[in-house]
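Written out below as structure tokens is the structure these notes cover.
The values are calculated or read from the model by the stated rules, or taken from the named source; none is laboratory data. As the structure is a prediction and not an experimental result, all values here were calculated from the model. Here the Cβ positions follow ideal geometry from the backbone for every residue, glycine too, while neighbour counts run over all protein chains shown. Each accessible area value is taken on the protein alone, full model and side chains, heavy atoms only, with ligands, DNA and RNA left out. Shrake-Rupley method; radii C 1.70, N 1.55, O 1.52, S 1.80 Å.
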Amino acid sequence: MPEEIKSLIEKIQQEGIQKAKDEGLKIIEEARKEAGKILQEARADAEAIISKTQQEVLKRKDSSDLLLKQAGRDFIISLRSQVNALLQKIITQKVSDALSVEEMSRIISLLVKDNAGKAGIELTFSKSDFVKIKESLLSRISEEIKKGITLKSSEVISKGFTISFDSGKSYFDFSEQALAEYLSSHFSKELSAILDLK
């Protein structure tokens, strides 16, 4: 009987060992599957994080690029403004220098010679130039021409003059402001072409 018990114990041990091996293999297999699943999820999470980070980096780069472009445009606009202001100042000064009493007298005498003897010519000057120009101009033109000319002064004109051939209904503006504005608009176009952002 002891042989049978011994054989039964061995059989139970073998079955127990086999069952334990099978259970161990099953546990290992489940652990492998679980580890694979965890690894796959970790990879997916890592890829999502990397993708999100790359998108954030691209957004920030795009935002930085836009900020740099805007800063460049702002700089060009500011530069244009400053250069235009400087150009306006230079042109106004040069026009003012060119509008001396002698030069204005010469220009006016040429303009009125073609209309000698006609009534209705009105010349308007700044208050500061009025007396000086009156003497200089009247010495240049004949008595015949003087009869049709009316001289006026205006606080609106700082330098230069306006001339009308129809008693003030319309006039040609040779004032410092008008000439400087005309020249500035011409040079501003040239300047804009030079400073154009492409």
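Quick notes
- Restricting the range 168-184 to residues that are closer than 16 Å to ILE108 by Cα and among the hydroxyl-bearing types (Ser, Thr, Tyr), the residue that is most open to solvent (accessible area, probe 1.4 Å): TYR171
- Of the set (1) of a type outside the set (Val, Ile, Thr); (2) touching a helix residue (DSSP H, G or I) at 6+ places or on another chain (Cβ under 9 Å); (3) open to solvent by 100 Å² or more (accessible area, probe 1.4 Å), all apply to GLU47 but (2).
- Just so you know, in the range 112-123 the residues that are crowded, with 16+ Cβ neighbours inside 10 Å and touching a helix residue (DSSP H, G or I) at 6+ places or on another chain (Cβ under 9 Å) include one that is modelled with the lowest pLDDT, and it is VAL112.
- Every test in (1) within 28 Å of GLU181 (Cα to Cα); (2) in contact with a helix residue (DSSP H, G or I) (Cβ under 7 Å, 6 or more places away or on another chain) is passed by ALA98 save one, and that test is (2).
- ARG80 satisfies every condition listed in (1) within 30 Å of ALA193 (Cα to Cα); (2) modelled with pLDDT of 80 or more except (2).
- Within the set SER109, SER126, SER154, the sole residue that is within 30 Å of GLN82 (Cβ to Cβ) and open to solvent by less than 30 Å² (accessible area, probe 1.4 Å) turns out to be SER126.
- Residue in the range 99-109 that is in contact with a strand residue (DSSP E or B) (Cβ under 7 Å, 6 or more places away or on another chain), modelled with pLDDT of 80 or more and among the β-branched types (Val, Ile, Thr) present: yes
- The range 67-91 residues that are within 22 Å of SER184 (Cα to Cα) and open to solvent by 50 Å² or more (accessible area, probe 1.4 Å), paired with ones that are among the aliphatic types (A, V, I, L, M) and at pLDDT below 85 (beta carbon under 6 Å, 6 or more apart): ARG80/LEU195
- In this entry, GLN18 is excluded by the filter for residues that are open to solvent by 100 Å² or more (accessible area, probe 1.4 Å), of a type in the set (S, T, N, Q) and modelled with pLDDT under 75.
- Residues (of a type in the set (Phe, Trp, Tyr) and either loosely packed, with under 15 Cβ neighbours inside 10 Å or assigned to a loop (DSSP other than H, G, I, E, B) (or both)) located in the range 157-167: PHE165
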